[in-house]
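Engineer: One structure, as structure tokens, below. Some questions next.
What follows draws every value from the coordinates through simple rules; no lab data is involved. Treat the numbers as computed from the prediction; the structure is a model and nothing was measured. In this analysis, Cβ positions are derived from the backbone assuming ideal geometry, glycine residues included, and neighbour counts consider all displayed protein chains.
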Amino acid sequence: MDKLTFTAKAVQFSKEEDYYMVGFADDEYEYQNYIVMQRAFEFDEQDLASGMDGEYLEINEESGYKICKKAVLESKLFSMEYEMKHTLHTVEVLLDEINIDGVFVDYLREVLGSKLTTMV
């Protein structure tokens, strides 16, 4: 199992035209490590047929749909297990420098659904 750990110095969350988006990065502009998570409000027949009817994750330029196995949000840590290329990976994002509020938690729940456990 591969493991990536970084400290988030930037966080972004938004409700776009047709999807929720949440992201962490180790720097606002000159980032080396990042996670972007998205989920559409609704899925059409093409999404269903192509397997794109779930969360979309991008982790340091690798991406996929419905690859999250489980995620946990604690007051100072976000951790997630995901499967990419038949290999289980873990990412840990240290949140010491980020203020997590209720709106952020709500957006994260919208993206990850029942795969997310919150302890905040």
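Engineer: Compute the Rg/Rh shape ratio of the stretch 71-120: radius of gyration over Kirkwood radius, all on alpha-carbon atoms. Can you show the working numbers first?
Structural biologist: Values: Rg = 11.5 Å, Rh = 11.6 Å.
With Rh from the inverse mean 1/r over Cα pairs, Rg/Rh is 1.00.
Engineer: When the Karplus curve 6.51 cos²θ - 1.76 cosθ + 1.60 is applied with θ = phi - 60°, which whole-Hz ³J(HN,Hα) does each residue of the stretch 32-43 get, with x for Gly and Pro?
Structural biologist: 9, 10, 7, 9, 10, 10, 9, 8, 5, 5, 9, 10
Engineer: Next question. The stretch 1-63: percent of C-alpha pairs farther apart than 15 Å?
Structural biologist: Of the Cα pairs, 58 percent sit more than 15 Å apart.
Engineer: For LYS9, which lysines qualify as cross-link partners when the Cα separation must be under 18 Å and same-chain residues fewer than eight apart are set aside?
Structural biologist: Candidates past the 8-residue exclusion: LYS76.
Engineer: What is the percent of Cα-Cα separations in the chain that go past 19 Å?
Structural biologist: 44 percent
Engineer: Could you check what % of the DSSP bridge pairs in the stretch 2-119 are antiparallel, to the nearest 5?
Structural biologist: Values: 35 of 45 bridges.
Antiparallel bridges make up about 80 percent of those DSSP assigns within the stretch 2-119.
Engineer: Under 5 Å between amide hydrogens, which residues at least 5 positions from LEU77 or on another chain qualify, with H placed 1.01 Å from N in the peptide plane?
Structural biologist: Under 5 Å from the amide H of LEU77 lie the amide H atoms of LEU95, each far enough along the sequence or on another chain.
Engineer: Also, quick follow-up: Under a straight-distance cross-link criterion of Cα-Cα below 22 Å, which lysines are reachable from LYS69, leaving out those fewer than 8 residues away in the same chain?
Structural biologist: LYS3, LYS85, LYS115
Engineer: Right, here's the next one. Going by how many other Cβ atoms sit within 10 Å of their own, how do VAL105, VAL11, VAL93, VAL120 line up, fewest first?
Structural biologist: Least to most surrounded, the residues fall as VAL120, VAL105, VAL11, VAL93.
Engineer: Tell me what the chain gives for mean residue ellipticity at 222 nm when only DSSP H runs of n ≥ 4 count, each as -39,500 (n - 2.57), the sum divided by the residue total, rounded to 500 deg cm²/dmol.
Structural biologist: Calculated mean residue ellipticity at 222 nm is -4000 deg cm²/dmol.
Engineer: For the chain, what relative contact order do you get, as a whole percent, if you take Cα pairs closer than 8 Å and at least 6 residues apart?
Structural biologist: 28 percent
Engineer: With θ taken as phi - 60° and the coefficients 6.51, -1.76 and 1.60, list the Karplus ³J(HN,Hα) couplings across the stretch 95-109 in order, rounded to whole Hz; mark glycine and proline as x.
Structural biologist: Per residue, the Karplus-derived 3J(HN,Hα) values read 10, 4, 9, 10, 9, 9, 10, x, 5, 4, 4, 4, 5, 4, 5 Hz.
Engineer: Still on this structure, I have one more. Can you list residues from other chains, or at least 5 along the same chain, whose modelled amide H is less than 5 Å from the amide H of THR7?
Structural biologist: The list, which skips near neighbours in sequence, is LEU94.
Engineer: Separate question: Would you calculate the separation in nanometres between label points at GLU17 and ASN99, each defined as 7 Å from the Cα along the Cα-to-beta-carbon direction?
Structural biologist: 3.2 nm
Engineer: Within the stretch 15-43, name every residue whose backbone N is under 19 Å away from a label modeled 7 Å from Cα of LYS85 along the Cβ vector.
Structural biologist: 33-36
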